[in-house]
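See below for the structure under consideration.
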Amino acid sequence: MTLDVASAILKRRATKNFDAGHRMPAGDLDAILGLARRMPTAFNIQNWRFVAVSDPKLRQDIRKVAWDQPQVTDASVLLVLCADIKAWEKYPARYWENADSSVRDFMVGAIDQYYRGREDVQRDEGMRSCGMAAGAIMLLAESMGYATCPMDGFDFAAVGKLIKLPADHEIVMFVAVGKPASEPYPTGGILPADEIIFENTFGA
């Protein structure tokens, strides 16, 4: 039974212990990533790239440079979320192929004007896009009965070599997805709303 969005948000916890024997049906992974691809990106440049690592040897190698975290090998799938930093300049007309030609021409020009020569903006855009996709992946997985663990805690350069990361891409994070082997720890605590939510400004 699938969960609604609010229930998935409230139920989701970062899971450290996965059932290493569980095999995720390909259709489930396709559904999760297919929907994650519908998350928004600026100018529709779709600059996230998802590497689904299933090869046992490769996952063992990644675990060696990821603080020996068991989620890397024990989850049903290890997703490496990467940002294509130069997606903005790779045939940008295709991002607007279904639009009227005048709209497409305008957007292609706007993309170039916004990103060209602004390497920090290009990188930041990739981080934002992958962050939104990671949130979607975790909630979709939760709604389908899977557990997840968002992860850093690894040698980014070493993992990049292992997955043959292109030079114009950056790794953003991992998301491990699978069936939990034990109940996750309860939440460590939720800060009060007045420490987090502000109206208009941070102060008078």
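The values are calculated or read from the model by the stated rules, or taken from the named source; none is laboratory data. None of these values were measured; they are calculated from a predicted model. With ideal geometry, Cβ positions are generated from the backbone for all residues, glycine too; neighbour counts draw on all protein chains shown. Ligands, DNA and RNA are stripped out before the accessible areas are found, and what is left, the full protein with its side chains, is counted by its heavy atoms. Shrake-Rupley method; radii C 1.70, N 1.55, O 1.52, S 1.80 Å.
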Around residue 173, which amide H atoms from residues at least 5 apart in sequence, or from another chain, sit under 5 Å from its own amide H, with H modelled in the peptide plane? 81
Over the heavy atoms of residue 12, what accessible area does a 1.4 Å probe trace out, to the nearest 10 Å²? 70
Expressed in nm to one decimal, what extension gain is obtained for the pair residue 127 and residue 100 from 0.36 nm per residue of sequence separation less their Cα-Cα distance? 6.8 nm
Taking r as the C-beta separation of residue 68 and residue 119 and R0 as 30 Å, the FRET efficiency to the nearest 0.05 is 0.30
Apportionment of accessible area to carbon and sulfur, the chain, percent (1.4 Å): 56
Surface per residue (accessible, 1.4 Å probe) for the chain, Å²: 58
Across the chain, where is the longest run that never hits GluC sites (Glu not before Pro) in a DSSP loop with at most 13 other C-beta atoms within 10 Å? 98-198
Average Cα contact separation per residue, the stretch 3-193, under 8 Å, 6 or more apart, as relative contact order %: 37
Between residue 182 and residue 44, the two model label points (7 Å from Cα along the beta-carbon direction) sit apart by a distance in nm of 4.8
What does the helix-only formula give at 222 nm for the chain: each DSSP H stretch with n ≥ 4 adding -39500 (n - 2.57), the total divided by the residues, and the result rounded to the nearest 500 deg cm²/dmol? -11500 deg cm²/dmol
Can you work out ³J(HN,Hα) from phi for every residue in the stretch 83-99, in order, using Karplus 6.51 cos²θ - 1.76 cosθ + 1.60 and θ = phi - 60°, giving whole Hz and x for Gly and Pro? 10, 7, 5, 9, 4, 4, 9, 9, 6, x, 4, 5, 6, 10, 5, 8, 8
Partner lysines whose C-alpha sits under 28 Å from that of residue 86, ignoring same-chain residues fewer than 8 away, are 161, 164
For the stretch 123-204, state which trypsin sites (Lys or Arg not before Pro) are in a DSSP loop and have at most 14 other beta carbons lying within 10 Å of their beta carbon. 164
Name the longest site-free stretch of the chain, where the excluded sites are chymotrypsin sites (Phe, Trp or Tyr not before Pro) in a DSSP loop with no more than 13 other beta-carbon atoms within 10 Å. 68-197
Can you list the HN-Hα couplings for the stretch 40-50, worked out from phi with the Karplus curve (6.51, -1.76, 1.60; θ = phi - 60°), rounded to whole Hz and with x for Gly and Pro? x, 9, 4, 6, 6, 7, 6, 8, 8, 9, 10
Across the stretch 157-165, in residue order, what do the Karplus-derived ³J(HN,Hα) couplings come to in whole Hz, using 6.51 cos²θ - 1.76 cosθ + 1.60 with θ = phi - 60° and x for Gly and Pro? 5, 5, 5, x, 5, 5, 9, 6, 5
Heavy atoms only, probe 1.4 angstrom, no DNA, RNA or ligands counted: give me 191, 33 ranked by accessible area, highest first. 191, 33
Env charge @ residue 118, Cβ radius under 10 Å, K,R +1 / D,E -1, value -2
Just one of (1) 1.01; (2) 0.97; (3) 1.05 is Rg/Rh (Cα atoms, Kirkwood Rh) calculated from these coordinates, so which is it? (1)
